[in-house]
Amino acid sequence: MKLMIAIFAGALVGAAVSAPAGASPADGKKVFEGQKCNACHYTDGPAKEKSIADQLAKKGPELWYAGSKFQRPWLEGWLTKPEIIRSLAYNSLTDKNKGDHPKPAGADAKNVADFLMSLTTKEVKAGKIKPKRSLKGRLVFNKKMPCTGCHRSAGKKGKVSGGISGPTLIGAAKRLNPDWVFAYLNNPTFFKPFKAMPTFAGILKAKDIKNVATHVSTLK
Amino acid sequence: MMRTAKIILFAALFLPALFAANVGAAAEAEQVFKFYCAQCHGLNGKGGGPNVTKDFPVTPRDFTNTAQMNKLSDNDIRGIVMDGGPSASKSPLMPPWGKTLSDGDVDGLVKLLRKFCNCKGKPG
């Protein structure tokens with residue numbers, strides 16, 4: 001009987017140690033709000049911006065579709081160890097990004113990632129883009145369209161080039177959900193009614209939009 | 001006398017509104033320029049926006065260059081803004097903004113660029 005009790009108690013302690021405390025979107029939301037993340041990022045969609053001024057008033061990117069945009073392993077890793085995605089401070093053309101994004105500690109990062117990954121939109125349909133090399137997509141991205149004017153990326157031999165006003169696409173293969181990239185290129189104003197990036201839907205052929213999204217899905 | 005009074009009344013009522021509308025439109029054009037164009041052309045329009053790093057392969061147009069800007073008509077500028085650099089045999093790094101900006105936005109930008117260059121451009 002003592003042995004049974006010991007095994008039961010051991011199992012309980014083991015469970016308490018291995019299960020992260022409060023691993024659920026609701027707990028993540030509490031952390032998100034408690035740490036005042038929503039002072040810079042809004043999480044209730046749809047998009048709220050009605051003007052350029054509304055966009056410029058934001059201190060950080062909207063996250064109401066974060067679960068459709070990001071890849072879970074990257075998101076949790078980034079929250080633990082944030083790296084600079086935009087060389088310039090958000091909404092600035094003159095100030096550098098100081099790289100001082102808050103870092104939620106340990107379990108909090110996991111919980112916040114749980115919460116953010118619960119924020120999805122039906123606008124992003126799964127399985128549209130299969131990550132693979134796309135020579136046509138690379139050609140459009142690098143030569144035919146102005147993508148490299150604002151986004152940094154690494155070429156075949158790892159040489160980094162490109163502008164800095166847009167978020168870097170170095171590491172996009174691990175960071176972004178390729179289906180989100182596709183949905184964004186097709187209907188950008190659904191996500192960002194006012195954005196400094198041109199709308200390419202209606203300019204690029206549907207095939208080329210798919211090719212570009214496929215190419216972005218390979219950027220390391 | 002009566003006619004003069006009517007003219008004065010008309011001017012008093014409508015000119016301030018017209019002036020305010022022009023000022024508003026100019027401010028809006030400036031905001032559009034800063035938001036979309038300054039990334040490459042710079043906040044002062046001289047072509048030195050933050051994207052123009054050492055590996056940027058072309059030099060964005062300096063809108064304060066009167067001689068260069070005088071070679072373009074207002075419609076040339078409209079076309080390049082809407083359809084991108086390749087529409088005028090220029091770099092594809094100049095994006096096509098036709099699906100992003102309204103006609104009013106583009107008209108405002110043309111006026112602002114004319115202010116930058118202090119020039120009227122060629123007719124057409």
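The single condition among (1) touching a His at 6+ places or on another chain (Cβ under 8 Å); (2) crowded, with 19+ Cβ neighbours inside 10 Å that B:T100 does not meet is (1). Note on segment A:33-64: residues that are within 14 Å of another protein chain (Cβ to nearest Cβ) and surrounded by 13 or more Cβ atoms within 10 Å (Cβ to Cβ) total 6. Selection over segment B:55-102 of residues that are free of Cβ contacts under 8 Å to residues at least 12 places away in the same chain and on the phi > 0 side of the Ramachandran plot gives a count of 1. Against the numbered list (1) of a type outside the set (F, W, Y); (2) not assigned by TED's automatic domain parsing to the domain that holds A:D27; (3) not in a loop (DSSP other than H, G, I, E, B), A:E123 comes up short only at (3).
Considering each of A:S153, A:S217, A:S161 in turn, give the residue that is hydroxyl-bearing (S, T, Y) and more than 14 Å from chain B (Cβ to nearest Cβ). Don't jump to the end; show me each part of the working.
Values: A:S153 fails: more than 14 Å from chain B (Cβ to nearest Cβ); A:S161 fails: more than 14 Å from chain B (Cβ to nearest Cβ).
One residue alone meets the criteria, A:S217.
Against the numbered list (1) surrounded by fewer than 22 Cβ atoms within 10 Å (Cβ to Cβ); (2) within 11 Å of another protein chain (Cβ to nearest Cβ); (3) not small (G, A, S), A:K174 comes up short only at (2).
One line per residue, one yes/no per condition, for (1) of a type in the set (D, E, K, R); (2) surrounded by fewer than 18 Cβ atoms within 10 Å (Cβ to Cβ); (3) closer than 23 Å to A:Y42 by Cβ; (4) free of Cβ contacts under 8 Å to residues at least 12 places away in the same chain:
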site	(1), (2), (3), (4)
A:N91	no, yes, yes, no
A:K96	yes, yes, no, yes
A:D108	yes, no, yes, no
A:S118	no, yes, yes, no
A:I164	no, no, no, no
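The conditions of being under 21 Å from A:T94 (Cβ atoms), of a type outside the set (D, E, K, R), surrounded by fewer than 20 Cβ atoms within 10 Å (Cβ to Cβ) and facing chain A (nearest Cβ under 8 Å) are met by B:T53.
Could you check segment A:66-84 and list, in sequence order, the residues that are within 10 Å of the chain's Cα centre (by Cα) and either farther than 20 Å from A:T120 by Cβ or not in a helix (DSSP H, G or I) (or both)?
Step one: filter segment A:66-84 for residues within 10 Å of the chain's Cα centre (by Cα), giving A:66-72, A:74-75, A:78.
A:F70, A:Q71, listed by residue number.
Taking A:L63, is it closer than 17 Å to A:K195 by Cα, among the aliphatic types (A, V, I, L, M), outside any helix (DSSP H, G or I) and modelled with pLDDT of 95 or more? Judged against the criteria, A:L63 is a match.
Taking the listed residues A:T168, A:T189, the one that is among the hydroxyl-bearing types (S, T, Y), closer than 25 Å to B:N51 by Cβ and assigned to a helix (DSSP H, G or I) is A:T189, with no other qualifying.
Identify the residue in segment A:65-76 that is aromatic (F, W, Y) and in contact with a Lys or Arg (Cβ under 7 Å, 6 or more places away or on another chain) and, among all such residues, is surrounded by the fewest Cβ atoms within 10 Å (Cβ to Cβ).
Restricting attention to segment A:65-76, the residues satisfying the condition of being aromatic (F, W, Y) are A:65, A:70, A:74.
With the extra rule that they be in contact with a Lys or Arg (Cβ under 7 Å, 6 or more places away or on another chain), the set shrinks to A:70, A:74.
Working: A:F70: 22, A:W74: 17.
Ranking the qualifying residues of segment A:65-76, first place goes to A:W74.
The requirement of being more than 14 Å from chain B (Cβ to nearest Cβ) and of a type outside the set (V, I, T) is not satisfied by A:K96. Of the residues in segment B:89-117, how many are aliphatic (A, V, I, L, M) and farther than 23 Å from A:A201 by Cβ? Number satisfying all stated conditions: 3.
The values are calculated or read from the model by the stated rules, or taken from the named source; none is laboratory data. Since this is a predicted model, take the numbers as computed values, not measurements. Positions of Cβ are backbone-derived with ideal geometry, glycine not excepted, and every protein chain shown enters the neighbour counts.
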